[in-house]
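Below is one structure, written out as structure tokens, with a few remarks after it.
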Amino acid sequence: LSPMVRAGGCVLGRRDASGRLIAMGGAALFGPMGFICNMVVRPEWKRQGLGRVVFEGLLSRLRARGIERVHLEATEEGKPLYEQYGFAARWESITAVAAGGGEAGDEAGIAQVSASDWPAIAALDRAAYGGDRSAFLRLVAEGPRCEEALRLVEDGRVTAFGFRLPGRIGPLVAADASSAEKLARALAYRSGAGTLAPVGHPQHAAMWQRLGFEIEPYDVRMAVGPPVDDAPEMVFAMLNGGVG
């Protein structure tokens, strides 16, 4: 949440009379679109309208900043609420879990992300994602939880980038499937059994299966507002369900 807020997003919450946080949610600002995340209500406070209050507050914050296109990953429990606000399903997301240790592959052109790589990474990610999250990605990559941020250079240009966090791979964005698989193999080789890759779009299931991952259902990607020019075929793994 910290990188998301530092990159212009917000977190809203409600507290009980004692000051204990009982409901919360976050909104990432990736102009020209936003992403709502971490909608949580304590079990004993559910079905009292708190989630709706927080959700409306997040939508209001985004729209006050000129954001009309909003994405989120919905659980089955949350989906009916979002549908009331016009959100429609785009696809049923999946996640991948490493069954064992990965195998080494060709790592020519793969290296740690350097300062000079960020303009190319930003351009690649915007083409894939449909919004500008370059500041957020850099904060994550340079933060204490990121174990590795890798990029792949082919024919003199960055064709893929991906992060490895504790027990997790993502995001992984690539210009094409072959570049994605090459970098995904390198990230998987550095990871252990049980590592998660929140894949998102199910069209990428076969690649992760080839790398020894098992596919499991995830949430539902939903969106509202005028479409942005994104390319889901280029997003081979999300950072998490909170920011896509």
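The values are calculated or read from the model by the stated rules, or taken from the named source; none is laboratory data. Just so you know, these numbers come straight off a predicted model, no measurement behind them. Here the Cβ positions follow ideal geometry from the backbone for every residue, glycine too, while neighbour counts run over all protein chains shown. Accessible surface areas use protein heavy atoms only, side chains included; no ligands, DNA or RNA. Shrake-Rupley method; radii C 1.70, N 1.55, O 1.52, S 1.80 Å.
Side notes on the structure shown:
- Selected residue [within 14 Å of residue 160 (Cα to Cα) and either of a type outside the set (Asp, Glu) or modelled with pLDDT under 95 (or both)] from 80, 119: 119
- Selection of segment 197-244 for residues being more than 24 Å from residue 58 (Cβ to Cβ), small (Gly, Ala, Ser) and under 16 Å from the mean Cα position of the chain (by Cα) yields 197, 231, 237.
- Scan of segment 86-120 for residues that are hydrophobic (A, V, I, L, M, F, W, C) and over 23 Å from the mean Cα position of the chain (by Cα), ordered by number: 104, 108
- The requirement of being open to solvent by 30 Å² or more (accessible area, probe 1.4 Å) and in contact (Cβ under 8 Å) with a residue 24 or more places away in the chain is not satisfied by residue 129.
- Beta carbons closer than 7 Å, at least 6 apart along the sequence or on distinct chains, pair a first residue in segment 68-87 that is over 12 Å from residue 51 (Cβ atoms) with a second that is open to solvent by 70 Å² or more (accessible area, probe 1.4 Å) and at pLDDT 95 or above for 68/226; 69/226.
- Residue list for segment 125-158, filter: out of contact with any strand residue (DSSP E or B) (no Cβ under 6 Å at 6 or more places or on another chain), among the acidic types (Asp, Glu) and assigned to a strand (DSSP E or B): 154
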